[in-house]
Amino acid sequence: MLIFLKKIRKSLIDSGSTQKYLLYAIGEITLVVIGILIALQINNWNEESKNKVLGQEYYCRLLEDANQDKEELKNLISVAQKRLVASNQAARLLQKDKAYKSEVGIQMNLSIRGSYAYFKPNASAFEDLKSGANLNIIEDKSIIKSLNSYFNKIEGYSKILESNVENSLRRYFVYDDLFTTGWIHGHMSMSRLQKGMDKDVFDAIIVNDSDLLDGEMKYALYNDAIYFISTNARRIEVYDLINSEIDALIAVLDAMCI
């Protein structure tokens with residue numbers, strides 16, 4: 001093509017026709033401009049195609065993170081439900097005329113077990129998406145809005161859970177004499193002290209399964225057990241709210257991850 005144009009240009013120059021040469025020059029410039037525009041358009045198409053592929057990858061990564069959040073929450077709900085069962089059982093034992101330290105100690109311990117486990121959403125894909133100019137890859141800006149809303153709401157729920165846990169643990173560890181509360185009695189039959197203590201230390205601790213809580217301590221622990229019922233039930237309520245947010249986000253992302 002270039003050789004052909006060069007021959008035409010040489011022929012026009014040799015003929016001395018200025019008008020024809022100018023028309024040729026204009027035509028040649030026009031062809032060059034058209035070629036550049038076509039090249040730019042092809043480049044734009046390629047970039048758009050790459051961005052669509054990358055956008056699909058992000059949708060699927062975000063969906064995977066949301067599904068992981070749901071699985072983690074499922075485990076946390078299961079643990080919270082076990083705590084709720086234990087706190088109800090502790091209250092039930094403390095309602096009896098005779099409350100045994102070993103029985104109550106086990107259930108009170110189970111009432112707060114696993115409380116330190118917090119729900120933390122998996123934000124790896126979203127953090128990666130926010131870096132640089134990656135947000136522009138997501139054409140549907142309502143997706144970004146949904147993601148921002150999700151993480152903001154989860155942050156609010158997390159603060160409620162954090163306060164819930166701190167109050168429960170503060171109440172549980174307020175007592176100085178762990179023998180009086182039945183804490184030692186309960187732990188002696190559980191794996192923590194059995195594994196953590198040297199045998200001679202363990203054997204030297206004298207507790208009796210028939211040891212009873214005195215009236216004052218029984219009443220104090222009864223209040224604690226009812227409080228733990230409330231906090232564990234509240235935590236499950238918050239988890240259910242978080243679960244609804246996860247389901248809503250999954251529904252949005254599932255429609256985009258093809």
Give the residues of the stretch 139-154 that are of a type outside the set (Ser, Thr, Tyr), under 16 Å from ASP65 (Cα atoms) and touching a residue at least 60 places away in the same chain (Cβ under 8 Å), sorted by residue number. ILE143, LEU147, ILE154
Screening ASP209, ASP224 for residues that are among the charged types (D, E, K, R) and farther than 18 Å from ALA86 by Cβ leaves only ASP209
Are there any pairs, at least 6 apart or on different chains, whose C-beta atoms fall under 7 Å, with the first in the stretch 233-258 and surrounded by fewer than 14 Cβ atoms within 10 Å (Cβ to Cβ) and the second among the hydroxyl-bearing types (Ser, Thr, Tyr) and at pLDDT below 95, and if so, which? none
Only one residue in ILE242, ILE205, ILE160, ILE229 is under 30 Å from GLU57 (Cα atoms) and touching a helix residue (DSSP H, G or I) at 6+ places or on another chain (Cβ under 7 Å). Which one? ILE242
Give the residue, chosen from SER168, SER115, SER146, SER189, that is of a type in the set (Gly, Ala, Ser), within 28 Å of LYS96 (Cβ to Cβ) and at pLDDT 90 or above. SER168
Among the residues of the stretch 230-240, is there at least one that is farther than 29 Å from TYR118 by Cβ, assigned to a helix (DSSP H, G or I) and of a type in the set (A, V, I, L, M, F, W, C)? no
Which of the residues spanning the stretch 107-129 are out of contact with any His (no Cβ under 8 Å at 6 or more places or on another chain) and within 18 Å of PHE179 (Cβ to Cβ)? GLN107, MET108
Return the pair list, or none, for Cβ contacts closer than 7 Å from residues in the stretch 70-84 that are within 15 Å of LEU161 (Cα to Cα) to residues that are at pLDDT 95 or above and of a type in the set (Phe, Trp, Tyr), at least 6 apart or on different chains. LEU73/TYR239; LEU76/TYR239; ILE77/TYR239; ALA80/TYR239
If I ask for residues that are in contact with a helix residue (DSSP H, G or I) (Cβ under 8 Å, 6 or more places away or on another chain), part of a helix (DSSP H, G or I) and of a type outside the set (Gly, Ala, Ser), which ones from the stretch 86-105 would you list? ASN88, GLN89, LEU93, LEU94, LYS101, GLU103, VAL104
Where in the stretch 106-203 are there helices (runs of 4 or more DSSP H), lying wholly inside it, with at least 1 residues that are surrounded by 19 or more Cβ atoms within 10 Å (Cβ to Cβ)? 124-130, 141-172, 178-181, 183-188
Please work out which residue is surrounded by the fewest Cβ atoms within 10 Å (Cβ to Cβ), limiting yourself to the stretch 209-218 and to residues that are of a type outside the set (Gly, Ala, Ser), part of a loop (DSSP other than H, G, I, E, B) and in contact (Cβ under 8 Å) with a residue 40 or more places away in the chain. ASP209
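The values are calculated or read from the model by the stated rules, or taken from the named source; none is laboratory data. Just so you know, these numbers come straight off a predicted model, no measurement behind them. Note that each Cβ is placed from the backbone with ideal geometry, even for glycine, and that neighbours are counted across all protein chains shown.
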